[in-house]
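Report on the structure given below.
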Amino acid sequence: MSVRNAILGLLDQHPRHGYELRAAFESLVGGEDLWDVKPAQIYTTLARLEECGLVQTTSDLGEGDEPGRRIYAITPAGQAELAAWYQTGVENGHQRDEFFIKLMLSLSTGNANPRRVIQAQRSKLYQDLHSITTRRDQSNPRSELAQIFLLDKMIMHIEADLRWLDLVEARLDEVKRQPVPEPEIRPRGRPKKNDVMRKA
Amino acid sequence: MNLQLTLAWRYLNGRKLRTFLTTLAVVFGVLVLFGMNIILPTMLEAFQVNMMAASGMVDVTITHQSGGAFSPQVTDKLTGIDGIHAVSASLNRTINLPADFVDHDSARSDRITAISLVGVDPEAVQSLHVYLIQEGGRFLQAGDAQAVVISQSLADAYNVKLNDGITLPSVNGNVTLTVVGILPPRTIPGNEEVLVTLDQALLMTGQTDQINTIEINLNTTDETRRNEIVADIEAALGPDYKAGALEAGSEMFAGLKMGQAALNMFGALALFMGGFIIFNTFRTVVSERRRDIGMLRALGASRRTIVGMILAEGLLQGVLGSAAGLILGYLFGAVIIALAKAPLNLFIHITMGAPVVSPMLIATAVLLGVGITILSGLIPAVNASRVTPMDALRPSVAEVEYKRRTGITFIAGLALIGLAILALISKNMGLVGLGGIVFLIGLILVAPAFLRPIAYVFGKLTALLYARQGTGELAQGNLTRQPSRVVITASATMIGLAIIVALGGMTTSLSGMMDTLVHKSLGSDYMFMPPSISVWSSNVGAGPDLVSQLQTVEGVGDISTLRFAAAAINGSQPVSLLGINPETYPRVSGLEFQEGDSSAYTALAEGRNMIVNGAFVMMTNAKVGDSIEFITPKGPQSYKIVAMATDLLDAKVTTAFISQANLAADFDKTDDIFIQMNLLPGVELESVDAQIKAIAADYPQFTVIAGKSYIDQMLTLVKVMFSGMYFMLAFLALPSLIAMLNTLAISVIERTREIGMLRAVGATRKQVGRMITAEAILLASVGTAFGILAGLYLGYVIIAAMSELFPITYSFPIGGILAGIAIGLLFGALAAIIPARQASRMNVVEALRYE
Amino acid sequence: MSIISTQNLTKIYGSGDTAVTALDHVSIEVNAGEFVAVMGPSGCGKSTLLHLLGGLDSPSDGAIAIDGKPIAKMPDNALTELRRRKIGFVFQFYNLIPVLNAVENAALPVTLDGVKPSEAKKRAIEWLNRFGLGDRLNSRPDQLSGGQQQRVAIARALVAEPNLILADEPTGNLDTRASDEIAALLRKVSKEFGRAVVMVTHDPRIAAYADRIIFLKDGSIADETILEPQNGKNAAMVAGMMKEIGD
């Protein structure tokens, strides 16, 4: 979603070549190592956009004997789409969390110590936080502020994860005492009447 | 250490108002102590300049222990002592001159108020002194009658030249003497010697064949040898004589000493109060800076560094305060001296010069000022050094709570009060002064036990007053929550008021006594007053002629006279002996008896009996019935005490009354120095007035006063004196105001954050202001209640102690109490104004941030 | 060489029924140039540990050695001297003396040690310059921002050239940006100047600046994480992370 909208936004600025778009995107997010976008992704996205009529292409005759390249430009429909995107909030990322699965598994199966699981996760998060912090410290706020902002965002996410870990750890004993939610074994065939009643 | 001083200075600078108030306390103590102690030496010096004859170049001066006269034959005892170069016997008498006697100009103030009449043997005296007679004149010669040698300065004052006559008072009325020689002008004004022959001097003073001074020059300057010779001389003369300077007026000195003790007690109390204020300030300072101190400790400051830091602040304040106190004290002394000049001139007839400041006094005042400041800072400083570095790390500021073991302090307080009462019973003036302070400390220690109930009662009252705001309860709650701080604050008021009420009780009682005495002692129709009515020895009296002349006036009834002799007991303790006529004295004048009754008068006529006053009893510890041995010019004589009584004029001087017959027999004194007489019943004042005034004209040393008018004059004077005392009281109330203001301001500062909180939760400025005011008035009430109780008690005990000396009974100082309550509450309200404003104007946000 | 070494450090407050074990057999080592963060929920004993390390409080049991010297039984005077010369403190509330300016505050420990005022000032100015406070030398604490005040406090902690810096919630009173600055400064102190830094904090963001995090729980060490210095894997890690966050 964000790459698609980024392309629309960059094309709204002025029409661009495909490779030019990729470079512009990278400088926008602060570097290829931060948000690596493959050329293929750019071109498939452009193709999809063109399909939807949000972008149109013109061929640019190269100077001299250079081969012609496609130049992408935004259509009025694309501009409308972009405007709508600016005006709506970004959907929060879905909470499909691998660690959560790990923790719940360790709690329900008992084949790992949940506390150790938490500790391991915390170590990992701190290591990440340490690395990002170091990276952030090495960035120059005069020329790389955008990059710093992105790093800050990561830092804050990790902070939130760490706080959440603390919260879970503090109430680990409580959650252990609660019965692990067992999946309901659904009898084959039609449910009996009282089952339906219970569900309601 | 440099750092400590820097910190101290910066901290003081940061809280200017508080620094000012605290330092003011020191200033005040030093001011009182220094000012008061300037006054006395100045008086003494003036006294000495006026009274004492300069002994010139004389090596040894011999006088009688009693200060009285003795036979010229005593000089015979000196013959044969090795090392004596020359001896001169003389009669030295100070003669007070009535006002305008010399210049006859009432507009100009008198430059010469007394002279020294010196009767000499012209030949002998010139072997000791060199007299530089100015051209044309000569020195005295043996057999000179009515001849006198005076200085140029005295001649100028009299406006006379060589061979002119000058008039001097004598026991036989005015005498005119011819100036035969004039000496160069004296450098020190006011101590004029008038040289006459011994015979002439005897004639003028109504004595026969007596001297009172032997001057001796030695033939060596070697110190050891001289001491040997002096020892030989003393051995030859016996214990009744002493070698040294002429000691006139030691009674006066004793009187002044007692005054000084009282003034010093006053100053000590003021300083004590100052110390108290400082203690309180430092207590707050330490709690305020708890975190700073903890941090310094964490950074490696040793305990001693911390103590040093707090004490450095004390030192700075002490030095500043003492310096300001010295300057203000000097001004204060100078002003008092200037104000006292006129009455002193009138009463004891001395003229005072510029204030006398001794380096010792400055040193003592500074030491006391600085010392007390540092001492007061010591407990808080030691407390500060106990602050652990952990305190710096804690986010919340803990209150400095002093270890209060209520039980122990209560018992200690009671013990101190007990000690103070013992001290008062001891009747020793020094101990009484100390006891007053001990008593107050005891009260402060006992106070916490009573605080809660008192605060409760007054709190309820205030709550009633401010029923709607609820601030009364809040104020009361504030008070009972921190009893130690409240006690300290209220104590400041308490001390101030205790002193006021105690002194108020004293003055009321004293003025009652003065009233009685004035009526009794001066109750006659006519009085012949000498220039000085408290230093009898410097007065020239009158011979028997005056009284016999007065008796011839038709309509004159009883005449009573006082005759004076200086005497000594117990070796050298000076006593004033007053000769009275046992028959007429009680009819014209009278004593106020403390022990015995008027039958004692008849006892005086029946042998060597005497009536003594309280000061005498205090000095000798004698009882009625005891016999005391006097050193008289004719050897030791025992007198038996038959009663104890006091008259107005001699209340504070060690005095014994004996019959005039005994005074003449044992002390050779027959001149009347004070005369009182009554007219026969039905005789009008106007009919005798002219005759009496005519007779008195020959005796200018006396001021003739019709008694009744004099009583009025005297009572007015007493009133003036007491209004002076009340002024002093007000003066003492001032530091108590400062103390209260200070402690209240500090209590507001201490609670800055809390007040900010109140404001934040919606208390209006008015409510906060009211709360502080209510608190101040509560504090003042607690202090006032205690202060009045303490003051009543103190005053009563002091008067009880004094009643051993004087015929005095305790008068309940209703006026003083009312004034005390008014002052206490008024000051409480006044003291609240600044802190209340401060509190209500406080910026809420800043207050909450306040650490 | 280890600057701090503790064995079975135990601190019990109170006695009998009311006894509270604030620290329970804690053994740690901290080396020169190491930056250690101590974390844990409130009441876990992290402040107690710091106080014991600083000689501000004495342990109930166990041993502490600072610079190889045992301090558990040292008398007050010796501890005072130790604090003055071997340990620098940084507090949450900066605790600068309000009436002294930046230089005078920073110079305090050496001034207290009797160093000549001019020399003490010189040293303080050096440190303040290093920390970017060269233009605020004569400012009083109330004229400085929180971050600046804390920098003065760190200069003060270093002025006596101690080997050990103890910081108690040094960023507890600061906003995020100033907190980052202070944490970075403390890291610099350990890396560039080779001091051992022990910092108590509850802020993960700040703890991440350290080389090692010690987690205390109920008075004993619950966990310890060594944070690897940034390495080649880093770029990949960051990129992976972006996948999680971004599209």
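Just so you know, all these numbers are worked out from the coordinates, no wet-lab data involved. Please read all numbers here as calculations on a predicted model, not as lab measurements. Glycine also receives a Cβ, built like all others from the backbone with ideal geometry; neighbour counts cover every protein chain displayed.
Work out, step by step, the length gained on full extension between B:Ala363 and B:Gln573: first 0.36 nm times the residue separation, then minus their alpha carbon distance; give nm to one decimal. Could the numbers behind the result be given before it?
Details: separation 210, 0.36 × 210 = 75.60 nm, distance 3.07 nm.
Length difference between fully extended and current span is 72.5 nm.
Relative to 2.2 N^0.38 Å, what does the C-alpha radius of gyration of chain C come to as a ratio? Two decimals please.
Values: Rg = 18.9 Å, N = 247, 2.2 N^0.38 = 17.9 Å.
Cα Rg divided by the expected 2.2 N^0.38 Å: 1.06.
Here the 3J(HN,Hα) profile of segment B:151-161, calculated from phi with Karplus coefficients 6.51, -1.76 and 1.60 at θ = phi - 60°, is 8, 4, 5, 5, 4, 5, 5, 7, 6, 10, 10 Hz, Gly and Pro shown as x. For segment B:531-701, the equivalent ellipsoid derived from the Cα gyration tensor has semi-axes of 29, 17, 14 Å, listed largest first. A convex hull fitted to the Cα coordinates of segment C:110-186 yields 100 cubic angstrom per residue.
With R₀ fixed at 25 Å, the C-beta to C-beta distance from B:Phe20 to C:Ser118 puts the FRET efficiency at about 0.15. Rounded if a/c is under 1.5, else prolate if a/b beats b/c, else oblate: with a ≥ b ≥ c from the C-alpha gyration tensor eigenvalues square-rooted, which is segment B:594-682? Oblate shape, in that a/c is at least 1.5 and b/c is the bigger or equal ratio. Here segment A:98-177 yields Rg over Rh of 1.14, to two decimals, using C-alpha coordinates and the Kirkwood radius. Close amide H contacts of B:Val575 (hydrogens built in the peptide plane, cut-off under 5 Å, sequence separation of 5 or more or a different chain): B:Ala567, B:Ala568, B:Ile569. Spin-label model, C:His25 to A:Ser27: label points 7 Å out along the Cα-to-beta-carbon direction sit 6.3 nm apart.
When each full DSSP H helix of chain C is screened for a Cα extent of at least 15 Å along its own axis and an average Kyte-Doolittle hydropathy of at least 1.0, the helices passing are C:102-112.
In this rough spin-label picture, where each label sits 7 Å from Cα along the Cβ direction, the B:Asp597-B:Asn621 distance is 3.2 nm.
At R0 = 35 Å, how high is the FRET efficiency between B:Thr224 and B:His129 if r is their beta carbon distance? Nearest 0.05 is fine. Please list the in-between numbers first.
Details: r = 26 Å, r/R0 = 0.74.
Once rounded, the FRET efficiency stands at 0.85.
Per-residue Cβ neighbour counts within 10 Å put B:Tyr241, B:Tyr131, A:Tyr126, C:Tyr209 in the sequence B:Tyr131, B:Tyr241, A:Tyr126, C:Tyr209, beginning with the fewest. Database remark: amide H of C:Glu161 closer than 5 angstrom to no amide H (H placed geometrically; neighbours at sequence offset of 5 or more, or on other chains; Pro and chain starts carry no H).
Among A:Lys176/C:Lys217; C:Lys11/C:Lys69; C:Lys73/C:Lys121; C:Lys46/C:Lys188; A:Lys124/A:Lys153, which pairs are too far apart, with a Cα-Cα distance over 25 Å? Working shown, then result.
Working: A:Lys176/C:Lys217 19 Å; C:Lys11/C:Lys69 20 Å; C:Lys73/C:Lys121 34 Å; C:Lys46/C:Lys188 23 Å; A:Lys124/A:Lys153 18 Å.
Pairs exceeding 25 Å: C:Lys73/C:Lys121.
In chain C, the DSSP-assigned H stretches of four residues or longer account for a calculated mean residue ellipticity at 222 nm of -11000 deg cm²/dmol, using -39500 (n - 2.57) per stretch and the full residue count as denominator. Taking label points 7 Å from Cα along the Cα-to-Cβ direction, B:Arg10 and B:Glu629 give a separation of 7.4 nm.
Stretch A:Lys102-A:Gln56 to full length: gain in nm at 0.36 nm per residue minus the Cα-Cα span? Spell out each step's value before the answer.
Numbers: separation 46, 0.36 × 46 = 16.56 nm, distance 4.67 nm.
So the extension gain works out to 11.9 nm.
If you take all other residues with their beta carbon under 15 Å from the beta carbon of B:Ser127, and give Lys and Arg +1 and Asp and Glu -1, the sum is -4. Distant-in-sequence amide contacts of C:Gly88, defined by a placed amide H-H separation under 5 Å and a gap of 5 or more residues or a different chain, comprise C:Leu164, C:Ile165, C:Leu166.
Which net charge results for the neighbourhood of C:Ser27, defined as the other residues with beta-carbon distances under 13 angstrom from its beta-carbon, given Lys and Arg at +1 and Asp and Glu at -1?
Working: positive: none; negative: C:Asp24, C:Glu29, C:Asp61, C:Glu224.
Neighbour charge sum, excluding C:Ser27 itself: -4.
If r is the Cβ-Cβ distance from B:Leu789 to B:Ser71 and R0 is 45 Å, what FRET efficiency results, to the nearest 0.05? Numbers along the way, then the final one.
Values: r = 62 Å, r/R0 = 1.37.
Efficiency computed from Cβ-Cβ geometry: 0.15.
If each residue's Cβ is checked for other Cβ atoms within 10 Å, how do B:Thr63, B:Thr224 rank with the fewest at the top?
Details: B:Thr63 22, B:Thr224 8.
Lowest count first: B:Thr224, B:Thr63.
With 10 Å bins beginning at zero, the pair-distance distribution over Cα atoms of segment C:129-229 amounts to 14, 46, 31, 8, 1 %.
With K and R counted +1 and D and E -1, the other residues having a Cβ less than 11 Å from that of B:Ser88 yield a net charge of -3.
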